[in-house]
Amino acid sequence: MSIASDLIRDLQAEAERTRKVFAVLPEAKFEWKPHEKSMTLGALASHIAENPAWVSALMEPELDFEVMMKSYKPFAGKNRAELVAALDGGVKDAQLALQSRPDAVFHETWTMRMGAKILDRQPRGEALRETAIHHTIHHRGQLVVYLRLLGTPLPPLYGPTADSPAFG
């Protein structure tokens, strides 16, 4: 199996788990946040939804935040349907950016910078895993904690939760 097909499979599997979490988001609580330094529930979910769209940027030789921030506007989903649509669109675009790429592309060095300052430099395949997959899992974990604090029953993601019928 190629690196590209492995990445696509992982992106699809994590997107399916994310859809399960999005399905239980309380839309009336999109402005809620657990702490003054935290993102709102809606902002965190929106960040997760747009994460797969970053894959295209990672297929370029580098990402310069100084340049990108001049035109970047974060996605702000207003409801579950918009979140799922953004997630699904990003996954589709990611698949197109990855498919048929030879393994050698994923071994090339990718650079993240802020103008002249290098923030990160690593093989593209590792950058993709960290940014498009692990980063999503990290923030989805935060979102699940938000939901637990709001008393929202949690869907099973990697196995049953305390809210699953077998545990209830």
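Which residues make up the longest stretch of the chain clear of GluC sites (Glu not before Pro) that lie in a DSSP loop with no more than 15 other Cβ atoms within 10 Å, not counting the sites? Each step should come with its number before you reach the end.
On the way: sites that count: GLU31, GLU36, GLU108.
So the longest stretch without any such site is 37-107.
Heavy atoms only, probe 1.4 Å: what % of the accessible area of the range 56-168 goes to carbon and sulfur, would you let me know? List each step's numbers first, then the result.
Values: 3850 of 6600 Å².
Solvent-exposed carbon and sulfur of the range 56-168 make up 58 percent of the total.
Identify the trypsin sites (Lys or Arg not before Pro) of the range 3-67 meeting these criteria: DSSP loop state and at most 16 other C-beta atoms within 10 Å of the C-beta.
Numbers: sites: ARG9, ARG17, ARG19, LYS20, LYS29, LYS37; in loops: LYS37.
Within the range 3-67, the qualifying trypsin sites (Lys or Arg not before Pro) (loop, at most 16 other Cβ atoms within 10 Å) are LYS37.
With respect to the cross-link table entries LYS20/LYS70; LYS29/LYS92; LYS29/LYS73, which display a Cα-Cα separation exceeding 25 Å?
Values: LYS20/LYS70 34 Å; LYS29/LYS92 28 Å; LYS29/LYS73 22 Å.
Beyond 25 Å: LYS20/LYS70; LYS29/LYS92.
Taking the square root of 5 times each eigenvalue of the Cα gyration tensor, what semi-axes in Å does the equivalent ellipsoid of the range 35-168 have, largest first?
Working: eigenvalues 183, 68, 41 Å².
Whole-Å semi-axes of the equivalent ellipsoid: 30, 18, 14.
So which trypsin sites (Lys or Arg not before Pro) in the range 63-159 are both in a DSSP loop and have at most 13 other Cβ atoms within 10 Å of their Cβ? Intermediate results must be reported in sequence, preceding the final value.
On the way: sites: LYS70, LYS78, ARG80, LYS92, ARG113, LYS117, ARG121, ARG124, ARG129, ARG140, ARG148; in loops: LYS70, LYS78.
Qualifying residues, ordered by number: LYS70, LYS78.
Keeping every protein chain present and rolling a 1.4 Å probe, give me the accessible area per residue for the chain in Å². Don't jump to the answer; show the numbers that get you there.
On the way: 9190 Å² over 168 residues.
Accessible surface, normalised per residue, equals 55 Å².
Place +1 on the Cβ of every Lys and Arg and -1 on the Cβ of every Asp and Glu in the chain, take the dipole about the Cα centre, and give the residue among THR18, MET59, THR40 whose Cα lies farthest towards its positive end.
Of the options given, the answer is THR40.
State the Cα centre-to-centre distance between the range 1-24 and the range 52-122 in whole Å.
Taking the Cα centre of the range 52-122 as reference, the centre of the range 1-24 is 16 Å away.
Between LEU157 and residues 5 or more places away or on another chain, which pairs have amide H atoms under 5 Å apart, with H built 1.01 Å from N, and which residues are they?
For LEU157, no residues qualify.
Please report the antiparallel percentage of DSSP beta bridges with both residues in the chain, rounded to the nearest 5. Each step should come with its number before you reach the end.
On the way: 6 of 9 bridges.
Antiparallel: roughly 65 percent of the beta bridges in the chain.
Quote the charge dipole size of the chain about the Cα centre in Debye, to the nearest 20; the model charges only the Cβ of Lys and Arg (+1) and of Asp and Glu (-1). Please list the in-between numbers first.
Working: 20 positive and 21 negative charges, 85 e Å.
Using Cβ point charges on Lys, Arg, Asp and Glu, the chain gives about 400 debye.
Using the reciprocal of the averaged 1/r over all distinct C-alpha pairs, how large is the Kirkwood radius of the range 116-168 in Å? Intermediate results must be reported in sequence, preceding the final value.
Details: mean 1/r = 0.0739 Å⁻¹.
Final number for the Kirkwood radius of the range 116-168 is 13.5 Å.
For the range 44-58, in order, what is each residue's ³J(HN,Hα) by Karplus, 6.51 cos²θ - 1.76 cosθ + 1.60 with θ = phi - 60°, in whole Hz (x at glycine and Pro)?
So the Karplus estimates, Gly and Pro as x, are 5, 4, 5, 4, 5, 4, 8, 4, x, 5, 6, 4, 4, 5, 6 Hz.
Counting other Cβ atoms within 10 Å, which chymotrypsin sites (Phe, Trp or Tyr not before Pro) in the range 112-168 have at most 12 and lie in a DSSP loop?
Details: sites: TYR146, TYR158, PHE167; in loops: TYR158, PHE167.
Loop-located and lightly packed - TYR158, PHE167.
Quick one: what are the phi-derived ³J(HN,Hα) couplings along the range 102-119, Karplus 6.51/-1.76/1.60 with θ = phi - 60°, whole Hz, x for glycine and proline?
Whole-Hz 3J(HN,Hα) from phi for the range 102-119: x, 3, 4, 4, 7, 9, 5, 6, 10, 10, 10, 9, 10, x, 6, 7, 7, 8.
The values are calculated or read from the model by the stated rules, or taken from the named source; none is laboratory data. Here the structure is a predicted model, which means the values were calculated and not measured. With ideal geometry, Cβ positions are generated from the backbone for all residues, glycine too; neighbour counts draw on all protein chains shown. Just so you know, the surface numbers come from the protein's heavy atoms only, side chains and all, with ligands and any DNA or RNA stripped out. Shrake-Rupley method; radii C 1.70, N 1.55, O 1.52, S 1.80 Å.
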